[in-house]
Amino acid sequence: MQNLTQSFNYHYNVKVNLNYQFCYPKFGQNISFTFTGIFKKNLMRILLLLIIGCFLNSPAFGNEDNGMSYESIQWSVYSEIPFPDGDILQPGLAGTFAGLINNRIVIAGGANYPDMLPREGGKIKYYADVYFLSTDDPKDWTVLPKALPNNIAFGVSITLPDGLLIIGGSNEEGCQSNVMLLTIQGVNNEIKIIQWPSLPVALTNMTGTMVGNNIYIAGGQEGITNSRSTSHFFVIDSKNKNAGWKKLQSWPGSPRSFAVSASQNNGFDNCFYLFSGINCNPDSPVEFLYDGYEYNTRLNTWEKIDALPSPQFPVMGGTAFSSGASHILFVGG
């Protein structure tokens, strides 16, 4: 289902050619999709969020070729996150929380290895900064240093009408169960944090998405070092958040971290879709997962997705979102 080719020049630029396919979730039908772009090494690029709007507001399909529809997008560098104070180079951020708040593209938290790579003995650093770029006048980024109540990365972010929901994650103190709504208000860009009910357990490296009014969280790990992947599956009603999180029946497959999820309609109901990831177990080698599952939110049932033409389809750590009425688009991983 995924054909991915990459060529890298580690000194100056990274040239990436990505060939993706749409997956029709229920029946395994595929539609080709291609991205091409050139990215400078070690610079944080804001590309995906700006292009998502194009997908969500335009037809998913273009020209016909051999019975398959496709549409090509030329990636380009639109903007760069500002350099941190005292740094000459923005090393980039991983595990950030991102979304839209009041016509602002928002990036919060995250982590990196500012001094040296992990394989060289580098130590991870977590952040509490918030960056945002107005979509009305997208010229300069605004930086709000240490605007979050604590450093945090590698959780789940959900865009809500009134702000960005930051769920779980990890920092220097380990995995977190905290859930908070980030809002940016007024001409002075005042940050306001509203606490939500905490997760039943502390989790990092999980996946999550919103289906209707419900927010679903799947998988993840309860620890950072030598931690097992889990089969946790939780839900909270965004319209009745004070009722808290509820544990649901897990999917009929392996525990997983770094999985990918998305919401889509299967032709009858709105469903939660879970794909790929890895199964971490300190007692055995890491297991790369290629399977996918559909959770019917009305029936409260899981169904394994039929085998696709290319079953070796790992998208761990990537991004997925619905496109049109019946497709899911995978990016990265």
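Based on the alpha carbon coordinates of segment 245-333, what radius of gyration and maximum Cα-Cα distance (Dmax) apply, in Å?
Over segment 245-333's Cα set, Rg and Dmax evaluate to 13.3, 42 Å.
Please list, in order along segment 280-292, the HN-Hα scalar couplings obtained from phi with the Karplus expression 6.51 cos²θ - 1.76 cosθ + 1.60 (θ = phi - 60°), rounded to whole Hz, x for Gly and Pro.
With the stated coefficients, segment 280-292 comes to 8, 9, x, 9, 8, x, 5, 9, 7, 10, 10, 8, x Hz.
Starting from 0 in steps of 5 Å, tell me what percent of the Cα-Cα pairs of segment 134-218 lands in each bin.
3, 13, 22, 24, 17, 12, 7, 2, 0
Long-range amide H contacts for Gln264: which residues qualify at under 5 Å (H placed 1.01 Å from N, peptide plane, sequence gap of 5 or more or a different chain)?
Cys271, Tyr273
I'd like the distance between the alpha-carbon centres of segment 246-266 and segment 213-233, rounded to an integer number of Å.
10
Could you please rank Lys123, Lys139, placing first whichever residue has the fewest other Cβ atoms within 10 Å of its Cβ?
Exposure proxy ranking, most exposed first: Lys139, Lys123.
Set the bar at 24 Å for Cα to Cα. Now go through Lys146/Lys241; Lys125/Lys146; Lys192/Lys239 and name every pair that lies beyond it.
In this structure, Lys146/Lys241 lie more than 24 Å apart at Cα.
Apply the Karplus curve 6.51 cos²θ - 1.76 cosθ + 1.60, θ = phi - 60°, to the phi angles in segment 297-302 and return the couplings in whole Hz, x for Gly and Pro.
Once rounded to whole Hz, the list reads 6, 7, 8, 6, 10, 9.
Quick one: Karplus J couplings for segment 324-333, per residue in order, coefficients 6.51, -1.76, 1.60, θ = phi - 60°, nearest Hz, x for Gly and Pro?
Whole-Hz 3J(HN,Hα) from phi for segment 324-333: x, 8, 8, 10, 10, 9, 9, 10, x, x.
In segment 80-196, how does Rg compare with the Kirkwood Rh, expressed as the Rg/Rh ratio over alpha carbon atoms?
Rounded to two decimals, Rg over Rh is 0.97.
Bear in mind that the values in this text are calculations on the coordinates, not laboratory data. Bear in mind that the values here come from a model prediction, so they are computed numbers and not experimental data. All Cβ positions, glycine included, derive from the backbone under ideal geometry; neighbour counts span all protein chains shown.
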